[in-house]
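J.: Handing you this structure, nothing more for now.
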Amino acid sequence: MVQRLTARAVVVGDRAGTVVPDAVVDVDDGLIRWVGPAADAPEAPGAEVTALPGVLVPGMVNTHAHSPMVLFRGQGEGLPLDRWLREVMWPREARLTPEDVEVAMTAASAEMLRHGVTTSVEMYFHPERIAAALRATGGRAVVANPLIGLPGFGTFDEQLATAVRLSADSDAQVEYGIGPHSAYTVPLPVLTRAAEAAREHDLLLTVHVAETTGEGADLLATHGLSVPQLLASHDVLGGRVLGAHCVHMDDGDLELWREYDVAVAHCPGSNTKLASGTARLRDMLDLGIRVGMGTDGPASNDNLDLFEDLRLAAQLARLRERDATALTAPEAFWLATGAAADAIGRPDLGQLVAGRRADLVHVDTDDIAFVPVGDVTDLLTHLVWSVGSRHVRDTWVAGRRVVADGVSTTVDEAALRADVQTRAMRLAGR
Ligand SMILES: [Zn+2]
C-alpha cells in the first residue's frame, strides 16, 4: 500500500540544493515512488497519509565509521597518539568479544538513526555481529571486513576469504565490503589481491589513506613513492575504492584519484580532534573527485553526528581557502547525502527522488533555529548552519519508521546504554 508523507518542504540532497516547498513523498515497497509539490501530486486513493509539520531530508550516509568503538568513547582523552594506542586502545581491543561488538553496534546504530544517519560504512571486527545489530535496529550499512595483522584474527588471506564469503549474503540493507586497514599496516601484495577480489565481486574496498604526515613519510622513505602512488603502482586503484581521510595529498596524488575515480571519505571531526590536518576539499570537488562525509570511529571524533561534520567541513574549507564561498551550504549538505551515496557507489541512496530507497528524515522546523525563512532555500541554509541532530524527530529506512518522535521504535536505548557502560568497564579492566 502506498504511504504518503506530506511536509513543509523536501530537501532533495542534490548538488544544486533543490528544496521543494509544500511537498509530497509517496513510498511503496521500500522505495520512493513520487516526490514533488502537493499541487502536482498524483491521485493516491487508499494511501496512508502522514502529515509532517517539518522538512523531510534524505537519510544521511556516513562514509567512514568504526561504530562499535562507542565502547571506547572519550577514553584516554589528552594522551598523545602512541600512548593512547598502547595504554588505552590495544589492551581493551584485546579483550573484545563478538557479543561486545554486537551490543556496541546496536547502540551506535540507534544513535546514528536518531541523528538522521541511515547508512554507514563500517570497518571493524566481527562483521556478522555488526550485521546482526543492523537487523535489530533497522539501519543500513556497508560492512567492510577488516584486513589487519592482529593476533587472533587469522592471516590476511583468511580475512580476505572471509570478506568474499560474506559478500554472498549481501542485500540492500547490509552489504559486505573489504576493509584493508592501510598501506602502512597491510603488505602491498595483500592490498593488490584485495583490490582484485573487490573488482571481481563488485565490492566496496575502503582503506585509510594519508591520514597523518608520518605514515606517508615512512612509506616514501622505503619505496620512494607517496601512498596514492604506491597504491596505483600496486594495482589497488580502480573499481569501487573509497579512501578514508586523504588529508596529505599533493597535486599528483589528487590527479591519481581523479584518474582512477577513487572516492574520499572526508572526516573533519576526527582530523581536527587528532590534529591530523585539513584535507583539500575544494580542490577535490573542483577536480570532480567523489567525496562524502564521514565521522570516523567514536573513539576519535567522539560522536556519530554528521550534522556536526558537515558544518565543520564548510568551516574548514572556508578557513583553508580564506574564502566565505569556498564551500556553499547546499554543497555541505550534499556531501552528507547525495554525494556520500555516490562516494560509496550506492546510487540507490542519498537523495529524495523517485526510484531511490525510502530512507527519510523528518526535521522539526518548529524552532527558533529555523527562523526566519524568506526564501524556501533558507531552510537548507538553516539545516547547515543553525540546526543540528537535536532537531531530528523521525527516521525511516526503506519506508519503515525506526525513530518516532526522537525515540527508537526497534531497540531499547536505555538498556543498551547500561550494557555498553558495563562492557566498557570490563574492557578497561575495572
Ligand atoms: Zn578510520
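J.: Name the single residue, out of those in the range 181-196 being touching a helix residue (DSSP H, G or I) at 6+ places or on another chain (Cβ under 6 Å) and assigned to a loop (DSSP other than H, G, I, E, B), that is modelled with the lowest pLDDT. Steps first, please.
T.: Going residue by residue through the range 181-196, those that are touching a helix residue (DSSP H, G or I) at 6+ places or on another chain (Cβ under 6 Å) are 183-184, 190, 194.
In the following step, the residues that additionally are assigned to a loop (DSSP other than H, G, I, E, B) were identified as 183-184.
Details: 183: 93, 184: 90.
Looking at the filtered set, the residue picked out is 184.
J.: Looking at 237, 256 in this structure, which one is of a type in the set (A, V, I, L, M, F, W, C), touching a residue at least 40 places away in the same chain (Cβ under 8 Å) and outside any strand (DSSP E or B)?
T.: On the way: 256 fails: touching a residue at least 40 places away in the same chain (Cβ under 8 Å).
So the residue among 237, 256 that is of a type in the set (A, V, I, L, M, F, W, C), touching a residue at least 40 places away in the same chain (Cβ under 8 Å) and outside any strand (DSSP E or B) is 237.
J.: Continuing with the same structure: Scanning for something of a type outside the set (Gly, Ala, Ser) and under 15 Å from residue 186 (Cα atoms), does the range 250-262 turn up at least one residue?
T.: Within the range 250-262, the first condition is being of a type outside the set (Gly, Ala, Ser), and the residues that meet it are 250-251, 253-262.
When the remaining residues are screened for being under 15 Å from residue 186 (Cα atoms), the result is none.
Checked the range 250-262: no residue is of a type outside the set (Gly, Ala, Ser) and under 15 Å from residue 186 (Cα atoms).
Rundown of residues vs (1) over 20 Å from residue 361 (Cβ atoms); (2) within 15 Å of the ligand (Cβ to nearest atom); (3) not in a strand (DSSP E or B), yes/no style:
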{"position": "271", "(1), (2), (3)": "yes, yes, yes"}
{"position": "283", "(1), (2), (3)": "yes, no, yes"}
{"position": "296", "(1), (2), (3)": "yes, yes, yes"}
{"position": "299", "(1), (2), (3)": "yes, yes, yes"}
{"position": "302", "(1), (2), (3)": "yes, yes, yes"}
{"position": "309", "(1), (2), (3)": "no, yes, yes"}
{"position": "314", "(1), (2), (3)": "no, no, yes"}
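J.: Against the condition within 18 Å of residue 153 (Cα to Cα) and crowded, with 19+ Cβ neighbours inside 10 Å, how does residue 73 come out, does it pass?
T.: Values: within 18 Å of residue 153 (Cα to Cα): no; crowded, with 19+ Cβ neighbours inside 10 Å: yes.
Here the answer is no, as residue 73 does not meet what is asked.
J.: Scan the range 170-180 and give yes if some residue there is within 16 Å of the ligand (Cβ to nearest atom), assigned to a helix (DSSP H, G or I), closer than 22 Å to residue 284 by Cβ and of a type outside the set (A, V, I, L, M, F, W, C), otherwise no. Show your work before the answer.
T.: From the range 170-180, those within 16 Å of the ligand (Cβ to nearest atom) are 177-180; that's our starting set.
This time we only want the ones that are assigned to a helix (DSSP H, G or I), so: none.
Checked the range 170-180: no residue is within 16 Å of the ligand (Cβ to nearest atom), assigned to a helix (DSSP H, G or I), closer than 22 Å to residue 284 by Cβ and of a type outside the set (A, V, I, L, M, F, W, C).
J.: In this structure, is residue 334 of a type in the set (Phe, Trp, Tyr) and out of contact with any strand residue (DSSP E or B) (no Cβ under 9 Å at 6 or more places or on another chain)? Quick ask: steps written out before the conclusion?
T.: Values: of a type in the set (Phe, Trp, Tyr): yes; out of contact with any strand residue (DSSP E or B) (no Cβ under 9 Å at 6 or more places or on another chain): yes.
For residue 334, the condition - of a type in the set (Phe, Trp, Tyr) and out of contact with any strand residue (DSSP E or B) (no Cβ under 9 Å at 6 or more places or on another chain) - is met.
J.: With respect to residue 85, determine if the residue is within 16 Å of the ligand (Cβ to nearest atom) and either polar (S, T, N, Q) or touching a residue at least 60 places away in the same chain (Cβ under 8 Å) (or both). So that I can check it myself, show each step before the final result.
T.: Numbers: within 16 Å of the ligand (Cβ to nearest atom): yes; either polar (S, T, N, Q) or touching a residue at least 60 places away in the same chain (Cβ under 8 Å) (or both): no.
So residue 85 fails the test.
J.: Moving on to the next point. Name the residues in the range 170-216 that are charged (D, E, K, R), surrounded by fewer than 22 Cβ atoms within 10 Å (Cβ to Cβ) and touching a residue at least 24 places away in the same chain (Cβ under 8 Å), would you? Spell out the reasoning first.
T.: Filtering the range 170-216 down to residues charged (D, E, K, R) leaves 171, 175, 193, 196, 199-200, 202, 211, 215.
The next check asks that each one be surrounded by fewer than 22 Cβ atoms within 10 Å (Cβ to Cβ); those that pass are 171, 193, 196, 199-200, 202, 215.
Selection gives 193, 196, 199, 202, 215.
J.: Can you tell me which residue within the range 198-234, out of those that are of a type in the set (S, T, N, Q) and in a loop (DSSP other than H, G, I, E, B), is farthest from the ligand (Cβ to nearest atom)?
T.: Of the residues in the range 198-234, the ones of a type in the set (S, T, N, Q) are 206, 212-213, 222, 226, 229, 233.
Narrowing further to those that are in a loop (DSSP other than H, G, I, E, B): 212, 226.
Numbers: 212: 12, 226: 19 Å.
Looking at residues that are of a type in the set (S, T, N, Q) and in a loop (DSSP other than H, G, I, E, B), I get 226.
J.: Looking at 51, 94, which one is at pLDDT below 95, away from the ligand (no atom under 16 Å from the Cβ) and surrounded by fewer than 23 Cβ atoms within 10 Å (Cβ to Cβ)? Write out each step before concluding.
T.: Details: 51 fails: at pLDDT below 95.
Residue meeting the stated conditions: 94.
J.: Residues of the range 240-253 being of a type in the set (Gly, Ala, Ser) and either under 24 Å from residue 62 (Cα atoms) or outside any helix (DSSP H, G or I) (or both), which ones?
T.: Quick first cut of the range 240-253, residues of a type in the set (Gly, Ala, Ser) only: 243-244, 252.
Selection gives 243, 244.
J.: Which of the following residues is in contact with a strand residue (DSSP E or B) (Cβ under 8 Å, 6 or more places away or on another chain), of a type in the set (A, V, I, L, M) and at pLDDT below 95: 89, 1? Talk me through it step by step, then tell me what you get.
T.: Working: 89 fails: in contact with a strand residue (DSSP E or B) (Cβ under 8 Å, 6 or more places away or on another chain).
None of the other options fit; the residue is 1.
J.: Restricting the search to the range 11-45, which residues are within 25 Å of the chain's Cα centre (by Cα), surrounded by fewer than 17 Cβ atoms within 10 Å (Cβ to Cβ) and not in a loop (DSSP other than H, G, I, E, B)?
T.: Residue satisfying the conditions is 31 alone.
J.: For the range 123-164: of the residues being of a type in the set (Phe, Trp, Tyr) and more than 16 Å from the ligand (Cβ to nearest atom), which is surrounded by the fewest Cβ atoms within 10 Å (Cβ to Cβ)? Reasoning before the result, please.
T.: Looking only at the range 123-164, we keep the residues that are of a type in the set (Phe, Trp, Tyr), and these are 124-125, 153, 156.
Applying the additional criterion that residues be more than 16 Å from the ligand (Cβ to nearest atom) yields 153, 156.
Details: 153: 15, 156: 19.
Across the range 123-164, the extreme among qualifying residues is 153.
J.: Right, here's the next one. Assigned to a loop (DSSP other than H, G, I, E, B) and basic (Lys, Arg), is that true of residue 393? Give the derivation first.
T.: Numbers: assigned to a loop (DSSP other than H, G, I, E, B): no; basic (Lys, Arg): yes.
The answer is no for residue 393.
The values are calculated or read from the model by the stated rules, or taken from the named source; none is laboratory data. Just so we're clear, the structure is a prediction, and the values are computed from it rather than from any experiment. Don't worry about glycine lacking a Cβ; one is built from the backbone with ideal geometry, like all the others, and counts go over all protein chains shown.
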